[in-house]
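The values are calculated or read from the model by the stated rules, or taken from the named source; none is laboratory data. On a predicted model such as this, the values are computed, not experimentally measured, just so you know. Quick reminder, even Gly has a Cβ in these numbers, built from the backbone with ideal geometry, and neighbours come from all protein chains shown. With ligands, DNA and RNA removed, areas are computed over all heavy atoms of the protein, side chains included. Shrake-Rupley method; radii C 1.70, N 1.55, O 1.52, S 1.80 Å.
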Amino acid sequence: MWQGPPEKEVCAVRAVSRRLHLWAWRMSVSLSLSLFSSPRLDLTKTSGRELVMLLEWWSGTECVIHTDPQAYPKYGKENAIVVLNHKFEIDFLCGWSLAERFGVLGGSKVLAKKELAYVPIIGWMWYFTEMVFCTRKWEQDRKTVSKSLLRLRDYPEKYFFLIHCEGTRFTEKKHQISMQVAQAKGLPSLKYHLLPRTKGFAITVRSLRNVVSAVYDCTLNFRNNENPTLLGVLNGKKYHADLYVRRIPLEEVPEEEDECSAWLHKLYQEKDAFQEEYYRTGTFPETAMVPPRRPWTLINWLFWASLLLYPFFRFLINMISSGSSLTLASFALVFFVASMGVRWMIGVTEIDKGSAYGNIDSKQKRSN
């Protein structure tokens with residue numbers, strides 16, 4: 001009587017079958033992510049390139065990168081966490097420009113305050129392209145931020161993940177309060193930065209470890225004490241930026257939260273020293289390089305302008321020529337609402353109209 005195949009062969013066949021099923025599942029997930037992510041990547045590229053075009057082509061702002069020539073070829077070829085100081089109104093835009101010049105703007109993400117999701121145009125684009133938003137209240141952010149970051153582990157394209165560890169833009173009032181907290185915690189004082197918020201950085205490193213290759217420590221400043229604004233960029237004013245980029249392998253960042261926190265505090269002490277040197281000498285360390293402007297931001301803008309502006313002006317002329325009071329009043333109302341939306345978007349970047357985050361009483365901050 002036939003007893004069937006030996007047990008070892010059955011186990012081997014089952015093992016191969018399981019591996020084939022697992023491989024097929026992974027391929028289907030990967031394909032689904034690629035197909036689903038493609039429209040969002042295109043949306044990110046389109047929305048981001050509009051503002052980058054204004055910075056690079058409309059205002060002609062120059063950004064010189066100071067970095068190690070041996071690290072430079074790796075930029076854009078690997079996933080990276082970008083830590084950028086938060087002192088200028090267009091620092092986020094300089095971060096986008098960096099990503100665009102190295103060809104990773106479409107996949108890049110940013111850790112931003114939740115209020116930005118409601119800002120017309122830019123905030124809506126960020127929401128639909130799955131930017132990582134936080135309320136800056138750790139108990140609420142712990143799960144939501146971690147969940148958003150874990151999605152990036154299977155992201156189909158290279159990306160920069162931009163994070164402002166200071167949590168809010170630098171002002172003298174916020175700096176004074178921040179240094180009171182530093183003194184209470186026994187931390188060294190910083191002259192040009194606020195005390196970094198370490199928990200968001202720690203969870204970012206923990207969630208993206210083995211996927212992200214390095215931390216890019218970016219320290220930004222502007223020549224001749226320029227005070228750049230988004231309104232200035234829209235008006236075509238040219239600025240001159242210097243950006244010091246240090247590539248730090250992620251293996252050098254500690255895994256334990258307390259050690260990671262101490263590492264980040266040390267990083268900001270070093271950033272402070274670099275800023276001190278910049279104000280003293282007018283330059284950052286390492287070799288100065290200027291990545292070439294890519295034409296895609298300008299081509300993207302010209303495409304949408306030719307597609308939308310001609311029909312818009314044709315429609316506008318027809319409305320005016322109609323002579324209808326109701327039609328003209330409706331157009332004036334729409335124009336007013338659109339102008340207020342743009343003004344709101346600009347206001348979000350203005351330092352003197354920034355959030356009250358960081359202006360709270362120092363006793364409250366120490367308790368946190």
Would you mind telling me which numbered condition in (1) assigned to a helix (DSSP H, G or I); (2) at pLDDT below 70; (3) not hydroxyl-bearing (Ser, Thr, Tyr) ARG136 fails? (1)
Subset of segment 209-229, residues crowded, with 17+ Cβ neighbours inside 10 Å and under 13 Å from CYS260 (Cβ atoms), comes to VAL215
Conditions first: (1) open to solvent by less than 10 Å² (accessible area, probe 1.4 Å); (2) not in a loop (DSSP other than H, G, I, E, B). LEU194 passes all but one, so which condition is the exception? (2)
Looking at segment 152-183 only, could you name the residues that are among the small types (Gly, Ala, Ser) and either without any contact (Cβ under 8 Å) to a residue 24 or more places away in the chain or assigned to a helix (DSSP H, G or I) (or both)? SER178, ALA182
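A quick yes/no check of all residues on (1) crowded, with 20+ Cβ neighbours inside 10 Å; (2) in a loop (DSSP other than H, G, I, E, B); (3) in contact (Cβ under 8 Å) with a residue 12 or more places away in the chain; (4) not aliphatic (A, V, I, L, M):
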site: ARG206; (1), (2), (3), (4): no, no, yes, yes
site: LEU231; (1), (2), (3), (4): no, no, yes, no
site: ALA241; (1), (2), (3), (4): yes, no, yes, no
site: TYR268; (1), (2), (3), (4): yes, no, yes, yes
site: ALA273; (1), (2), (3), (4): no, no, no, no
site: TYR278; (1), (2), (3), (4): yes, no, yes, yes
Restricting to segment 216-241, name every residue that is among the hydroxyl-bearing types (Ser, Thr, Tyr) and more than 18 Å from VAL83 (Cα to Cα). THR229, TYR239
Taking the condition of being open to solvent by less than 20 Å² (accessible area, probe 1.4 Å) and out of contact with any strand residue (DSSP E or B) (no Cβ under 7 Å at 6 or more places or on another chain), how many residues in segment 152-166 meet it? 1
Taking interchain pairs and intrachain pairs at least six residues apart, which have beta carbon atoms under 9 angstrom, with the first residue in segment 244-263 and without any contact (Cβ under 8 Å) to a residue 40 or more places away in the chain and the second assigned to a helix (DSSP H, G or I) and surrounded by fewer than 15 Cβ atoms within 10 Å (Cβ to Cβ)? PRO254/ALA262; TRP263/GLU252
Is there a residue in segment 293-305 that is open to solvent by less than 80 Å² (accessible area, probe 1.4 Å), small (Gly, Ala, Ser) and modelled with pLDDT under 95? yes
Residues being in contact with an Asp or Glu (Cβ under 7 Å, 6 or more places away or on another chain) and of a type in the set (Ser, Thr, Tyr) - total across segment 50-88: 1
Can you tell me which of (1) part of a helix (DSSP H, G or I); (2) open to solvent by 10 Å² or more (accessible area, probe 1.4 Å); (3) in contact with a strand residue (DSSP E or B) (Cβ under 9 Å, 6 or more places away or on another chain); (4) on the phi < 0 side of the Ramachandran plot is the one GLU255 doesn't meet? (1)
Cβ-Cβ under 7 Å pairs, at least 6 apart or on other chains, segment 135-151 side loosely packed, with under 14 Cβ neighbours inside 10 Å, far side assigned to a helix (DSSP H, G or I): THR135/LYS114; THR135/ASP141; LEU150/SER207
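Every residue, every condition in (1) touching a residue at least 24 places away in the same chain (Cβ under 8 Å); (2) part of a helix (DSSP H, G or I); (3) in contact with a helix residue (DSSP H, G or I) (Cβ under 9 Å, 6 or more places away or on another chain), yes or no:
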{"position": "PRO285", "(1), (2), (3)": "yes, no, yes"}
{"position": "ALA288", "(1), (2), (3)": "yes, no, no"}
{"position": "PRO291", "(1), (2), (3)": "yes, no, yes"}
{"position": "ARG294", "(1), (2), (3)": "yes, no, yes"}
{"position": "LEU309", "(1), (2), (3)": "no, yes, no"}
{"position": "LEU316", "(1), (2), (3)": "no, yes, yes"}
{"position": "SER321", "(1), (2), (3)": "no, yes, no"}
Being under 16 Å from the mean Cα position of the chain (by Cα), open to solvent by less than 20 Å² (accessible area, probe 1.4 Å) and of a type in the set (Ser, Thr, Tyr) is the filter here, so list the residues in segment 47-95 that pass it. TYR75
Please state which one of GLY236, GLY200, GLY186 is at pLDDT below 95 and open to solvent by 50 Å² or more (accessible area, probe 1.4 Å). GLY186
